[in-house]
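One structure is given here, and the rest of the page talks about it.
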């Protein structure tokens, strides 16, 4: 347990065991062993929740919401978030080590993630202080005379936040801190692979003065317990980050009236124009493609390059990829760590072999390192119908495609059932705007990689890539009711 946040003050129990962050202590349904993806070292055991514990969580949160006198005031919420940000700043090194060990992302990147998470909590505070409702014009017609109207925000109700293993702290902040800011009781369900960062954040909120029932953490015993949590009619808002298959399935089962936001993945495209700064593009693609071993929903996956220099560029990119330091994520000089589970190594390798057998040229990588890591891989001109071209790789693989016409590149880039971030590299503003208008994407980066994201940005998946808009200010707004007050008086 060395290097992990110590929860003993918040959750008394057996050493090495992380109890569920529930209001009431009850017998757990079971125990989940949390292991490091790099070497499979046991990091902790976490108590799991079955149907009984899920029902307990839901009833606690729902009754809390129904008691309006128990709602946290704006000042109380801001106070909790301010104190939480200070605690996170004090514990930032421990939080980074926890994220690196349980998720496998290099420590240097986890340090950046922790800083983003702290800034995310502060962004919640800024949004609460700057957005207090609106005055509605009521003087334009005879029917509205002698009336005044204004809007104020109220929490929507119980929030259930289901998170993925990627960015295990910052993603939880985007979901859970937003719910706390909105004034909603929240039940967080972290990924089974990375529950410790979520439990750490729940503990920090408690230390900051948030009553335990306002943020409960459920590590589900099985899929039926998780589904019970999501689909219960007491849930007012369902926030999901994860696979398309699971997200859309759960959305089809949520209760009538439950609102939701889904954040899925895709196969982010990057287009280089004839005049692109090739050095800038190559270094940016290296970061965006191999950050967290490609296990990010907006990782650079498909790169379209003019045929005139595509091979030259691909070779240069492959050389950079081959020079990346792959290894223990706890080392500060590591640039690429393990995949989240050993089985993912075999899956990625099978996809790469399929592409090579179909005619792709393997320029770097293409092999496993032990049972948990895969070499950063660059493929040139894979078949357009190969899985590496049609589906989300979620691994350290970047595919390069030669194109003769920019319209052809855009057409192929758009020819998938999902879309979110995209990018274009060019020195020509008109060319950048032309690509921006024609790419199917919710955001287009100019001279930057697709994985760029900060907490204040709107983040949306199109088609099968998601539903609703993420990003802290947008999540807070989605978790609130814009309630209007209309006053009728002859003195108005």
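Read the figures in this text as sums done on the coordinates, not as results from a lab. These numbers were taken from a predicted model, which means no experiment stands behind them. Cβ: placed from backbone, ideal geometry, glycine included. Neighbour counts: every protein chain shown.
Points worth noting:
- Derived from the Cα gyration tensor, the three semi-axes of the equivalent ellipsoid of segment 200-357 are 39, 20, 17 Å, largest first.
- Extension gain, residue 213 to residue 75, is 47.8 nm, computed as 0.36 nm per intervening residue step minus the present C-alpha separation.
- Stretching residue 86 away from residue 192 to a fully extended chain increases their span by 35.4 nm, per 0.36 nm per residue minus the current alpha-carbon distance.
- More than 15 angstrom apart: percent of Cα pairs within segment 363-422: 58 percent
- Compared with the dominant principal axis of the Cα atoms in the chain, helix 278-290 is inclined by about 60°.
- Angle in degrees between helix 342-357 and the longest Cα principal axis of the chain, rounded to the nearest 10: 40 degrees
- Estimated from the Cβ-Cβ distance and a Förster radius of 22 angstrom, the FRET efficiency linking residue 333 and residue 287 is about 0.90.
- Structural descriptor for the chain: relative contact order 18 percent, calculated from alpha carbon pairs under 8 angstrom and at least 6 residues apart.
- Exposure proxy ranking, count of Cβ atoms within 10 Å, fewest first, for 401, 374: 401, 374
- Proxy reagent accessibility, fewest Cβ within 10 Å first, across 310, 465: 310, 465
- Taking other Cβ atoms within 10 Å as a rough exposure proxy, 214, 248, 351 sort from fewest to most as 248, 351, 214.
- FRET efficiency for residue 277 and residue 253, using Cβ-Cβ distance with R0 set to 41 Å, rounded to 0.05: 0.30
- Expected 222 nm ellipticity per residue - DSSP helices of 4 or more, -39500 (n - 2.57), all of the chain, to 500: -11000 deg cm²/dmol
- DSSP bridge analysis restricted to the chain gives an antiparallel fraction near 40%, rounded to the nearest 5.
- Listed values (1) 0.94; (2) 1.13; (3) 1.03, entry calculated as Cα Rg over 2.2 N^0.38 Å: (3)
- Cβ-Cβ distance of residue 487 and residue 59, R₀ of 45 Å, FRET efficiency by 1/(1 + (r/R0)^6): the value works out to about 0.75.
- Taking segment 99-125 and a reference point 7 angstrom along Cα→Cβ of residue 45, the backbone N atoms nearer than 20 Å belong to 102.
- Here the scattering of segment 268-454 is modelled by Debye summation over its C-alpha atoms, one equal scatterer each and no solvent; at q = 0.10 Å⁻¹ the log10 of I(q)/I(0) is -0.35.
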